[in-house]
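Written below as structure tokens is the structure these notes are about.
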Amino acid sequence: MEPVVPLPLDLSTLDSLTQSAKDYAVLNGLTYLTGGQNNTSDLVSFAPFALLPSPVPRALFVQARAVQKDFNLLVHRVSHDRAFLSRCLSSVVKVDNFTASLFHIYEQVQEEGVTQPICLGLHRSDYLLDNTTNNDGVGTNGVTACRQLQLKQTEINTIAAAGAGFGEKIARVHKHVLNLLGVADAYKHIPENRALDSQLDGFVAAWEQYGSQKAIIVFVVEEERCRNVFGQRLSEFTVMERHPGLVVKRYSLRQIAEDAELKSDKTLFMQVHGSEVAVVYFRAGYSPAHYPTEKEWSARLKIERSRAIKCPCISYHLAGTKKVQQELAQPGVLERFLEDPKAVSRVRATFAGQHTLEMGLEGDRTVQMVMRSPEDYVMKPQREGGGNNIYGEDIRTVLNELMQKDFEERTAYIVMDLICPAVLQNYFIRPGDWPRLQDSSCELGIYGVFMAEGDQVFHNKQGGHYLRTNGSSGGDGGVYVGNAVLDSPYLV
Ligand code: ADP
Ligand code: MG
């Protein structure tokens with residue numbers, strides 16, 4: 001694939017374009033905090049972005065949008081299958097304390113009876129554009145038999161699927177850049193992105209379903225302001241702007257542990273604000289670091305037991321674990337959850353090979369396979385947020401270490417075929433740095449908005465997109481972790 005304009009740009013064009021794009025980004029609120037992870041400063045800059053939109057084949061973009069409603073339904077069905085979830089996670093919970101703690105809450109609530117049967121899902125399914133497939137579509141790990149790109153899912157995020165507010169903003173920056181480059185006509189290749197609106201529709205639908213005018217929406221956030229605070233604030237403030245009277249409040253898990261009361265009818269009540277809580281949206285709670293003490297776990301349990309509608313509820317959170325996704329990729333499993341064979345095909349077509357590391361023959365086979373050619377695989381723990389995966393030779397090292405220690409700990413991980421995305425050049429624009437022309441590859445996220453009570457689906461929508469572009473230096477990590485930049489698709 002070719003970049004949208006021939007590269008490199010001449011230096012004076014690049015210089016003025018970059019300055020203008022940066023200023024446009026700041027003026028339009030494409031911003032983040034720059035003072036480090038535990039942010040106590042007020043230093044703000046533009047969020048890192050790609051100077052040019054990245055070409056994405058239209059057919060793959062359409063395919064990714066078309067499969068989102070299937071994924072929404074799949075998550076819901078999986079989350080309601082206790083036997084399946086328990087079986088999938090039974091080995092993981094023995095060796096992974098974090099997943100075990102989540103699972104413990106799940107079990108406790110299942111035993112007590114779920115108070116709030118309505119589930120709200122704001123998911124994001126992420127894809128790489130795979131460049132390593134042969135003609136029959138079977139991944140051949142490293143052999144480029146034909147150049148037809150394929151959509152391959154890296155994961156679906158069922159908790160804290162960030163970025164909804166910035167997709168539209170970066171598209172505007174890109175239109176501004178195209179305009180300055182004298183190719184304003186190219187606007188038509190940049191698709192509309194209603195990600196923020198779709199997310200808001202989900203919040204409001206859940207709040208209305210809860211049915212109390214005075215009840216508030218709570219965003220669960222980290223104790224310290226995180227880098228991406230403005231992305232969160234955008235959702236928060238836009239809800240309140242569009243629905244005057246509907247209040248959104250931010251609390252940390254610690255604050256909820258200390259302040260929230262679970263009334264006898266299971267109403268969740270924030271005492272400091274004097275408000276009943278209709279919807280709890282988790283922007284934190286997906287990482288062990290968000291639970292430094294037992295207090296935070298008690299808050300998660302309190303929320304889960306309450307009548308508030310959770311986004312996500314604990315079973316959606318568990319349905320989004322890497323282990324569940326690996327099990328769903330096994331032959332015959334999707335059919336258990338999706339009765340429509342076309343839906344099964346749509347979903348399966350996006351799957352890359354995934355392999356178990358459970359103790360036993362099959363897991364042993366995975367170990368042998370990976371030890372032979374680790375460069376063809378990714379090893380993933382049950383973690384979210386980027387920067388946790390293990391690649392290449394490091395996989396050998398980690399497996400060898402586990403073998404010497406306690407080999408059962410391998411079951412905390414799954415193995416996935418390495419997707420080798422199409423590479424093209426783009427300028428990476430980061431605060432305090434020169435524009436850097438780099439090899440890059442994009443990761444396309446599609447949002448899903450879903451609300452249901454048991455078999456009754458109230459809301460099932462594809463909800464806009466999010467494009468990140470990664471440097472090809474290896475490793476992973478989101479825009480706010482370091483490696484990636486915000487981008488928008490240029491459909492070709
Ligand atoms: P996390 O929950 O930490 O975001 P992901 O499964 O999304 O975990 O992996 C993080 C990053 O690693 C992805 O954004 C992608 O860049 C890269 N990645 C994940 N799976 C693969 C894969 N199978 N092949 C190549 N890169 C991958
Ligand atoms: Mg991810």
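Amide H contacts of I309 (H built 1.01 Å from N, in plane; Pro and chain starts excluded): V279, V280 sit under 5 Å, all sequence-distant by 5 or more or on other chains.
Sorting 174-181, 395-402 by average packing, meaning the other beta carbons within 10 Å per residue, from highest down gives 174-181, 395-402. Residues whose amide H comes within less than 5 Å of that of L357, counting only those at least five positions distant or on another chain, are V415 (H built at 1.01 Å from N in the peptide plane). Partners of K175 within straight-line reach, counting lysines whose Cα lies under 25 Å from its Cα and excluding those fewer than 8 residues away in the same chain: K22, K188.
So what's the back-of-envelope 222 nm ellipticity for the chain, counting only DSSP H runs of four-plus at -39500 (n - 2.57) apiece and dividing by all residues, rounded to 500? Per the formula, -10500 deg cm²/dmol. Quick check on my link table: of K266/K295; K152/K310; K214/K461, which ones sit more than 24 Å apart, alpha carbon to alpha carbon? K152/K310; K214/K461, as the Cα separations exceed 24 Å there. Here the simple spin-label model places points 7 Å from the Cα toward Cβ, and for R58 and V26 these points are separated by 3.8 nm. Grouping the Cα pair distances of the range 309-439 into 10 Å bins from zero gives a pair-distance distribution of 10, 32, 30, 20, 7, 0 percent in increasing distance order.
How long are the semi-axes of the equivalent ellipsoid of the range 107-266, taking √(5λ) for every eigenvalue λ of the Cα gyration tensor, in whole Å from largest down? Working from the Cα gyration tensor, I get semi-axes of 38, 25, 15 Å.
A convex hull fitted to the Cα coordinates of the range 45-133 yields 220 cubic angstrom per residue. With K and R counted +1 and D and E -1, the other residues having a Cβ less than 14 Å from that of M270 yield a net charge of +3. So, in Å, what gap is there between the alpha-carbon centers of the range 450-466 and the range 378-434? Centre-to-centre (Cα) distance: 31 Å.
Hull volume per residue, based on the alpha-carbon atoms of the range 353-418 and their convex hull, is 78 Å³. Only protein atoms count toward the accessible area here, which uses a 1.4 Å probe; on the chain, the carbon and sulfur part of that area reaches 49 percent.
For the range 382-492, the square roots a ≥ b ≥ c of the C-alpha gyration tensor eigenvalues yield an a/c of 1.5 or more together with a/b not exceeding b/c, which makes the shape oblate. Computed over all pairs of different Cα atoms, the Kirkwood value for the hydrodynamic radius of the range 283-340 is 13.5 Å. Protein heavy-atom accessible surface, 1.4 Å probe, per residue over the range 8-61: 45 Å². How would the chain be classified by its alpha-carbon gyration tensor: rounded, prolate or oblate, with rounded meaning a/c under 1.5 and the a/b versus b/c comparison settling the rest? It comes out oblate by the Cα gyration axes. Heavy-atom accessible surface of the range 353-418, averaged per residue, reaches 47 Å², computed with a 1.4 Å probe. Between R225 and N39, the built amide H atoms are under 5 Å apart, and every one of these is 5 or more places off in sequence or on another chain.
Divided by 2.2 N^0.38 Å, where N counts the residues, the Cα radius of gyration of the range 236-378 comes to 1.44.
The values are calculated or read from the model by the stated rules, or taken from the named source; none is laboratory data. In this text the structure is predicted, and so the values were computed from the model without any measurement. Using ideal geometry, Cβ is built from the backbone for each residue, glycine included, and neighbour counts are taken over all protein chains shown. The protein model used for the area step is the full one, side chains on, heavy atoms only, and it has no ligands, DNA or RNA in it. Shrake-Rupley method; radii C 1.70, N 1.55, O 1.52, S 1.80 Å.
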